[in-house]
1. Can you tell me which residue in the range 47-66 is nearest to residue 19 (Cα to Cα), limited to those that are among the charged types (D, E, K, R) and either touching a helix residue (DSSP H, G or I) at 6+ places or on another chain (Cβ under 8 Å) or not in a helix (DSSP H, G or I) (or both)?
2. Scan the range 31-50 for residues that are farther than 21 Å from residue 105 by Cα and surrounded by fewer than 15 Cβ atoms within 10 Å (Cβ to Cβ) and report the count.
3. Report yes if residue 27 is among the small types (Gly, Ala, Ser) and either closer than 25 Å to residue 100 by Cβ or buried (at least 17 other Cβ atoms within 10 Å of the Cβ) (or both), otherwise no.
4. Look through the range 84-98, keep the residues that are in a loop (DSSP other than H, G, I, E, B) and touching a residue at least 12 places away in the same chain (Cβ under 8 Å), and return whichever of them is surrounded by the fewest Cβ atoms within 10 Å (Cβ to Cβ).
5. Give me the residue from the range 1-17 that is modelled with pLDDT of 90 or more and in contact with a helix residue (DSSP H, G or I) (Cβ under 7 Å, 6 or more places away or on another chain) and, out of that set, nearest to residue 61 (Cα to Cα).
6. Residue under question is residue 81, and the condition is that it be of a type outside the set (Asp, Glu), part of a helix (DSSP H, G or I) and within 24 Å of residue 29 (Cα to Cα); does it hold?
7. Of all residues in the range 26-51, count the ones that are touching a residue at least 40 places away in the same chain (Cβ under 8 Å) and either within 8 Å of the chain's Cα centre (by Cα) or within 17 Å of residue 91 (Cβ to Cβ) (or both).
8. So, residue 101, is that one surrounded by 15 or more Cβ atoms within 10 Å (Cβ to Cβ) and at pLDDT 90 or above or not?
Amino acid sequence: MLKQFRIVALVKCDKKMICKLLFYSKGFKEADSLSEKLNKIFDYCEHLWSDYHLYDFGLRTLISIIELSGMTFKGTGKGDSEVNEAIKILVFPRLSEHHKKILSAYSKKVF
């Protein structure tokens, strides 16, 4: 019976690398700094609100933010404003008013 089971190792995905590659694929020149900033915001949110199961700060939301910011990116500038706007569009509707204020203040600090 034990021969049928195999040992499996799970690896945590590298969100920064995935974000950086997606930003580059969308035409962002500052993909390194954008992926660092976006991951910093998401790590902060996960740390603060890990008890709230309705809040999703996973890879799916990260990819959605990058997709939306890539659609609005005009090819000039760093892309900070597009990413910040995508966060407001995709993440803010799920948050309570108090948490919106906290995230808004922190994203202004990061971006």
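1. 56
2. The qualifying residues number 1.
3. It is false that residue 27 is among the small types (Gly, Ala, Ser) and either closer than 25 Å to residue 100 by Cβ or buried (at least 17 other Cβ atoms within 10 Å of the Cβ) (or both).
4. So the residue we want is 95.
5. So, considering only residues that are modelled with pLDDT of 90 or more and in contact with a helix residue (DSSP H, G or I) (Cβ under 7 Å, 6 or more places away or on another chain), the one nearest to residue 61 (Cα to Cα) is 15.
6. Here the answer is yes, as residue 81 does meet what is asked.
7. Of the residues in the range 26-51, 9 are touching a residue at least 40 places away in the same chain (Cβ under 8 Å) and either within 8 Å of the chain's Cα centre (by Cα) or within 17 Å of residue 91 (Cβ to Cβ) (or both).
8. no
The values are calculated or read from the model by the stated rules, or taken from the named source; none is laboratory data. It should be emphasised that the depicted structure is a prediction, and the values quoted were computed from it without experimental measurement. We place every Cβ from the backbone using ideal geometry, glycine too, and count neighbours over all the protein chains shown.
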